[in-house]
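**Student:** Sending over a structure as structure tokens; questions will come in a sec.
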Amino acid sequence: MSKKPIILGIESSCDETAAAVVKDDNKVPKILSNVVSSQVDIHKEFGGVVPELAARAHLEKIDLITKKALKESGLKLKDIDAVAVTAGPGLVVCLTVGLSFGKSLAMSLGKPFIAVNHLEGHALSPKLISEIKYPYLLLLISGGHTQFLNVIGLGKYKRLGTTIDDALGEAFDKTAKLINIDFPGGPKIEKYAQLGDCKKFNLPKPIINRGGCNFSFAGLKTAVLRISHNIKTKKDKYDLAASFQKTIEDILYIKTKIALREFKKNNKSKKNNFVIAGGVASNKSIRNMFNNLCNEENFKPVFPPIELCSDNAAMIAMVGIEKYKKKKFDPLNYPVKPRWQLDESASFMKGSGLKF
Ligand code: KG4
Ligand code: ZN
């Protein structure tokens, strides 16, 4: 049997500098190390990610993080079979740092270079914890992305729905900012919500009865903005957080039901897998709702562990393993692709307005 590849993964698409070493194994690959350096403290005072500051932080950290990942894996650079690096989508100045670093490393080692789509990393992240067969349905809900994808196979995706404006994590962060919660506010909104009355504020559910399983969150943000002017007490904040959290759950429930049924139409397996990934998937109340919905629709819910749900390099190495096994290597002049979509036939939806 041929040797199981060992891949060094590198990720720098947004505000996390990450490196990981993952070794292929019989059923589920082994994560030998998974190091993530978050820049939350750098961007906190600006209420969002500042690209130039993010790029500078990547530049300062990427070699140290990679060294740490190697040290923790107990391996040496010479043991690595290929270097897999995020090439897009993301912030161009941030992607450039990881990509240049990864290419130089691959070149100096004389090992293959593999360009990875960050979204494909999220899509394959459940394969790092359990054996999961293609096809499966994925909902990616992060700070930058909100999409349903039919994961047909490596490099084969069909997008079923996406957002036409804000990403779901962005909606959480913007709501949090309006009630003076530091960036990224998603986790704190979840905590506040547990203390509030979810019926206190009636918030809109944009395009809830049209647009298939596409989302829109911009109108929700405007409603939260209006209410936030009259927020006076801590209790008001808790109530607004609870109302927001409940509205999001209702939207996700309705839109996901549509996506599950659409997926089922083309996949007649007895029980299909539904993977929920991205930072927002760590929200426990959202997880509960998905568990109930999957019960109703006869799907198996799969939640990658929280450290693999948010941005990391183990998921990039995971894609590296699958590409390595198919000898899908890339040239060293591979470009940065800030808008790289997984389903390249899908239209660009952001800012397209309500045309449904
Ligand atoms: O996947 P991720 O770590 O990074 C990318 O955006 O790629 O996702 C970060 C997003 C942020 O918007 C953050 O507020 C949100 O995920 N988030 C949450 C929770 N934990 C993180 N949103 C709601 N509830 C949470 N518990
Ligand atoms: Zn991500």
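**Student:** Just give me the residues in region 310-356 being within 14 Å of ligand 1 (Cβ to nearest atom), modelled with pLDDT of 90 or more and out of contact with any strand residue (DSSP E or B) (no Cβ under 6 Å at 6 or more places or on another chain), in sequence order.
**Tutor:** Correct list: Met315 only.
**Student:** Any chance region 144-159 includes a residue that's at pLDDT below 95 and open to solvent by less than 20 Å² (accessible area, probe 1.4 Å)?
**Tutor:** no
**Student:** Of all residues in region 290-303 being open to solvent by 20 Å² or more (accessible area, probe 1.4 Å) and not acidic (Asp, Glu), which is nearest to ligand 2 (Cβ to nearest atom)?
**Tutor:** Phe303
**Student:** Just checking, how many residues over region 163-185 are at negative phi and either in a loop (DSSP other than H, G, I, E, B) or open to solvent by 10 Å² or more (accessible area, probe 1.4 Å) (or both)?
**Tutor:** The number of residues fulfilling the criteria is 15.
**Student:** Let me ask you something else. Taking region 206-231 only, how many residues are within 23 Å of the chain's Cα centre (by Cα) and within 15 Å of Ala242 (Cα to Cα)?
**Tutor:** Number of matching residues: 2.
**Student:** Test of understanding: among Cys94, Cys14, which residue is within 16 Å of ligand 2 (Cβ to nearest atom), in contact (Cβ under 8 Å) with a residue 60 or more places away in the chain and part of a helix (DSSP H, G or I)? Working first, answer last.
**Tutor:** Values: Cys14 fails: part of a helix (DSSP H, G or I).
Just a single option satisfies the conditions, and that option is Cys94.
**Student:** Can you tell me which condition Glu307 does not meet? The list is (1) within 26 Å of Pro184 (Cα to Cα); (2) within 16 Å of ligand 1 (Cβ to nearest atom); (3) under 21 Å from the mean Cα position of the chain (by Cα); (4) at pLDDT 95 or above, and all the others hold.
**Tutor:** (4)
**Student:** Take the conditions loosely packed, with under 15 Cβ neighbours inside 10 Å, assigned by TED's automatic domain parsing to the domain that holds Asn295, closer than 22 Å to Ile286 by Cβ and out of contact with any strand residue (DSSP E or B) (no Cβ under 9 Å at 6 or more places or on another chain) and apply them to Lys257. Does it pass?
**Tutor:** Yes; evaluated as a whole, the condition is true for this residue.
**Student:** May I pose another question? Please go through region 6-48 and give me each residue that is surrounded by fewer than 22 Cβ atoms within 10 Å (Cβ to Cβ), within 14 Å of ligand 1 (Cβ to nearest atom) and of a type in the set (A, V, I, L, M), ordered by number.
**Tutor:** Val36, Val40
**Student:** Within region 304-333, which residues are loosely packed, with under 12 Cβ neighbours inside 10 Å, touching a residue at least 40 places away in the same chain (Cβ under 8 Å) and under 20 Å from Ser38 (Cβ atoms)?
**Tutor:** Within region 304-333, Pro305 is the sole residue that qualifies.
**Student:** Just checking, how many residues over region 67-91 are within 19 Å of Ser37 (Cα to Cα), among the hydrophobic types (A, V, I, L, M, F, W, C) and open to solvent by 10 Å² or more (accessible area, probe 1.4 Å)?
**Tutor:** 2
**Student:** Here is a list of conditions, (1) touching a helix residue (DSSP H, G or I) at 6+ places or on another chain (Cβ under 7 Å); (2) assigned to a helix (DSSP H, G or I); (3) closer than 26 Å to Lys323 by Cβ, and Ile42 meets all of them except one; can you say which number that is?
**Tutor:** Tallying (1) touching a helix residue (DSSP H, G or I) at 6+ places or on another chain (Cβ under 7 Å); (2) assigned to a helix (DSSP H, G or I); (3) closer than 26 Å to Lys323 by Cβ, Ile42 fails exactly one: (3).
**Student:** Criterion first (within 14 Å of ligand 1 (Cβ to nearest atom) and over 12 Å from Val280 (Cβ atoms)) does Lys191 satisfy it?
**Tutor:** yes
The values are calculated or read from the model by the stated rules, or taken from the named source; none is laboratory data. As the structure is a computational prediction, the values presented were derived from the model and not from experiment. Positions of Cβ are backbone-derived with ideal geometry, glycine not excepted, and every protein chain shown enters the neighbour counts. Areas reflect the complete protein model, heavy atoms only, side chains present, ligands, DNA and RNA absent. Shrake-Rupley method; radii C 1.70, N 1.55, O 1.52, S 1.80 Å.
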